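Notes for the one structure printed next.
The values are calculated or read from the model by the stated rules, or taken from the named source; none is laboratory data. Note that the structure is a prediction, hence the values are computed from the model and not measured. Methodologically, a virtual Cβ is constructed for each residue, glycine included, from the backbone with ideal geometry; neighbour enumeration extends over all protein chains shown. What goes into the accessible areas is simple: the full protein's heavy atoms, side chains included, and nothing from ligands, DNA or RNA. Shrake-Rupley method; radii C 1.70, N 1.55, O 1.52, S 1.80 Å.
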Amino acid sequence: MVQPISSLPVVDFARFMGGSSEDALETARHLFTACRDVGFAYLINTGIPQEQIDGMFDWSAKLFALPIETKLKAPHPPEGWFHRGYSGVGREQVSQMVFDPNELKSIRDGKFPDFKESFDIGNEQFGPLPNIWIPEVAFPGFKAYATNFYNICRAFQTSALFPALAMGMDLPIDFFLRYHEDGNNQLRLLHYPQAPTSVFESGKKGRVGTHTDFGTATLLFQDDCGGLEVEHPSRPGEFMHVPPIPGTVLLNIGDLLMRWSNDTLKSTLHRVRAPPRRDGDNGNSGITKERYSIPYFMCVDQDKTVECLHGCFGPDKPKKYEPIKAGDYVNMRASPSRWLNGKQGNRNNTSKYCASFGVEWYTKSERRSIKDGFKIGRQALHELTKEEPTIDTEAFASVLAYETAVRNARAPSQSASVASTPRWFRRWDKKRNKRLEEMESTFNRLETNQASLMQTQATLVQKVNETNKTVRKMQKSLTPVLISYCRQYNARNNLSNDGPFLEVPFRDGSLPWNKTFGDHILRSLDTSASIEDLSAVESRFYFEGYFPDTFVPPHDQRKIHIEAAISRPRSLCGQRCGTEWNRLLGYGMPQIWLERNVFSLILRLPSTMVSGHTPSNDSWDMTIVSDIRDVLELHLPCGGSHDLS
Ligand SMILES: O=C(O)CCC(=O)C(=O)O
Ligand SMILES: [Fe+2]
């Protein structure tokens, strides 16, 4: 039965935060009695900015309007206790903790699964349970907004709500804060899609089944749809509508705080159904519009032990519960059957109620549909990571963080078995590792190949160097032949002064034409005229090239020597020298005559003049010596010339 109107208390935080100390105490007492008598209250003037709440609802609408593939880029892990990321419609059914199989069956035959989708967000700073975000590129701005809203809720919790509750219960003002240091809280965005009202009324669908929240307390923001129902404080089994009231935030107490307070504070049953029909609505056209809500669940730090609160027990009110570590309590709630180890569950060895969040509450067919949901999630994840197993996307990072969290932060009863790491994840992980191994072995192979290539390259370079050396040697030994050939050609075939001459290499084997010396480019000497045109500097370069280690004569004489070096001695032809010299030196003579004549000439000259090493100022003598050397070099075999090396 549902009462038409709610009669929840309203607690005004303006009087706690901005009023006198009497006002603050009065508000704190009011909060305490609301939590004691009803377990639910509307809070007003919380200081949480309305535009932030509206903004969060806008983001929530945008989020749930995303294509399913995008939403599943942040899949909620299969572990019921790992409340992070997106859960699709039908992924969860909240129900009371029930141990009797028949009762369980009757619940299952009733309204399930919950017709809603959700997205869970935790404290970004809380390592053990990392957030699972949709990659920023796929949903930019969401993470920043949601993180900020989470922090706003937490600020209200720590600066007003918990101090007020502690004050109202005559506990030290920071009492509850000391048990909530980790900020292990959970912001949940909920979306209930629209559906024909009849399906809710016939019980084919539910929104949220009857349950209590299991933590310390919950703040609940709801949109203007309605549908929330809370059990009447004094008439068990009767539910009253708790309509949304603009400017308010709902508060309700959770099971752990009820146990902690020796059942002084009340964790009240509540549920979400289709909102009440408005006057004149005969139900024929009834479509229950979609609904959004945002609960913020506050939880005790996992490692803190809660023990019956001061002021909540006495001679006439004995302690009902053993102290319990919050982590163990969560465990017990997540898997009560495992925790009870076959024993019958009852209100003494467990808490009174349990909102089931473990898959163990589902029937086989439900589990199958859940598995399908996971499959889509896995595929989305695979899509995201298959191209680059080491890609640094947020989703990949989330999964890695999730893996670490599953291994490290698994609640004690679950950590006993590594096998409880979700199978899909282990398979995916195995594949990923295999791919990484393959990549590594490919890389190693490539590295080995590269090393042997480098070895081959080194050998080749060595061979090329050796060949170059040989070529240089050959060139060196060929240089005199080339010099000889060119000069012979120039001398024999171009007796006139017009050229064109062949280029005669310098002694060092380099080719002089167009060679640069500092700013100078050596002009090519293809005619006698070009020799005549040489500047003093050019003639010096040419001279030094053809006669290294030799005394350098004046410019005019240099030109004569140069001409001699590239063709035939000018001094021995033309006007200054008669044909006798030509004949003597063998121009136009057969080789055999030439050699005989040259030797006879050498025999007639002093040895110092022949060697050409002795500097002499006598230009004529120098010219003759040079000419003779020239002829020797020109006409005798290479070995015959002492200068050619
Ligand atoms: O959607 C709502 O208004 C209530 C949700 C709720 O009670 C819960 O998630 O625990
Ligand atoms: Fe709830």
Ser524 neighbourhood, Cβ < 13 Å, K/R = +1, D/E = -1, net charge -2
Once label points are set 7 Å from the Cα along Cα→Cβ at both Glu290 and Lys469, what is their separation, rounded to one decimal in nm?
8.2
Skip the ligands, DNA and RNA, and give the accessible area per residue of segment 181-228 with a 1.4 Å probe, whole Å².
29
For 510-520, 251-261, ranked highest to lowest by mean beta-carbon neighbours within 10 Å, the order is 251-261, 510-520
Length gained if Phe443 through Glu503 is fully extended, taking 0.36 nm per residue and subtracting the Cα-Cα distance, is 16.0 nm
Report Lys62's accessible area, 1.4 Å probe, all protein chains in place, as a number in Å² to the nearest 10.
100
Please give the length that would be gained between Thr70 and Ser234 if that part of the chain were fully extended, namely 0.36 nm times their separation in residues minus their C-alpha to C-alpha distance (nm, one decimal).
54.5 nm
In nm, to one decimal, how far is the modelled label at Leu482 from the one at Ser21, with both set 7 Å along Cα→Cβ?
10.9
Too-long pairs where the Cα-Cα distance tops 21 Å, listed order kept, from Lys143/Lys289; Lys515/Lys559; Lys71/Lys116; Lys62/Lys289; Lys143/Lys434; Lys266/Lys320
Lys143/Lys289; Lys143/Lys434
Express in nm, to one decimal, how much length is gained between Asp556 and Ala155 on full extension, taking 0.36 nm for each residue of separation and deducting their alpha carbon distance.
134.1 nm
